[in-house]
Amino acid sequence: MSGFTITLDAVLALTIAGLLVASTAKLLSETDIGQDEQLVKYGYDFLAAAEKSDALDIVSQGCYKVNETYPCTERFRELIDRLPLSICINTTMRFQDGTFYYHADNVKYATNKCRESDAFAGVSVVSVSRVITRDGMVFPVTLRLWYG
Amino acid sequence: MSKMCSDKKGQLTTLDLIVSSMIFLSIVVMFIWSWGEANAVVMGTEQMNDYRHKAIDLLDILLKTRGMPEHWEDSDNLTNVSSIGLVSEPGVLDRGKLRAFEQMPYQEARRVLGLTHEGYYMELLNERNRTLYTFGRDSGEFITLERPALLDGDFVTFKLGLFEEG
């Protein structure tokens, strides 16, 4: 038989080589662990600062969602709007029983920054939570963050 | 005649050898090149992660502790200062500490911050993105991180940049 023949050994060697290359590429893409850590810390600090500056007093401001709009100017939304464009935030506040109460984000549909779809397109999204109490009620606040 | 045929068989084997050697060598060259590239990427990422972790730790110390001693800003002798903190309570910046840190000599601040091979540049921005305070040297940062904090009840952004410095 002339020319090259693919033997079982060659198939095995090629498979192992392919696996090695694939695992190295995967490892290289996962070495940016510190970025997620920074995002988590940013999220916790953001929630802590927002609570201390009374920006999370959405409850006492009466910012209930009525007909898709919020009937008051919330400081919390202002804070989110002033975040650096590189950091995308999506906040949800719920009642203690888990039912939806309030939502705010800096997702801009008109620009390429912070698109909601980014959060589902392989971009690393971190989630942090804080529980705030107002008027004797407990409100879990969850923040989802990702780089836009 | 039959002898000539056997000679041709030998030549064919040599051609095979040349082709296979070329293929083998090109694979070896490609492997060495990709190994070098991967190594450079790993080294770069490792250095970047080192800087990032250092910056994360520094931000934690500056924005969550008061420093050591607690009122280090009143200290006349900087050699007594073992740690710098810029807050009166976690996340709430103190103007007295900010001013003291702003006036601290750069090399002295580097020593207290534990930066042996890194230089730093820090900036405090208000809600309208205007600079309130700057610290250190602006030398084109290698890595920049930022955190939210409060100053006099207002939301501010604290930026920290690190770069290589001997």
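Per-structure values
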item: Every pair of residues 6+ apart whose Cβ atoms lie under 9 Å, when the first sits in the stretch B:101-129 and is within 13 Å of B:TRP72 (Cα to Cα) while the second is among the hydroxyl-bearing types (Ser, Thr, Tyr) and assigned to a loop (DSSP other than H, G, I, E, B); result: B:VAL112/B:SER82
item: A:LEU56 vs. criteria more than 25 Å from B:VAL42 (Cβ to Cβ), modelled with pLDDT of 75 or more and more than 10 Å from chain B (Cβ to nearest Cβ); result: yes
item: Subset tally (residues that are in contact (Cβ under 8 Å) with a residue 12 or more places away in the chain, at the interface with another protein chain (Cβ under 8 Å from one of its Cβ atoms) and more than 18 Å from B:MET104 (Cα to Cα)) for the stretch B:56-72; result: 1
item: Total residues in the stretch B:43-93, condition crowded, with 19+ Cβ neighbours inside 10 Å and in contact with a Ser or Thr (Cβ under 9 Å, 6 or more places away or on another chain); result: 9
item: Residue pairs meeting the criteria (Cβ under 8 Å; at least 6 apart or on separate chains; first under 25 Å from B:VAL42 (Cα atoms), in the stretch A:6-25; second in a helix (DSSP H, G or I)); result: A:THR24/B:ALA38
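The values are calculated or read from the model by the stated rules, or taken from the named source; none is laboratory data. Being a predicted model, the structure only gives us computed values, none of them experimental. Glycine gets a Cβ as well: all are built from the backbone with ideal geometry, and neighbour counts include every protein chain shown.
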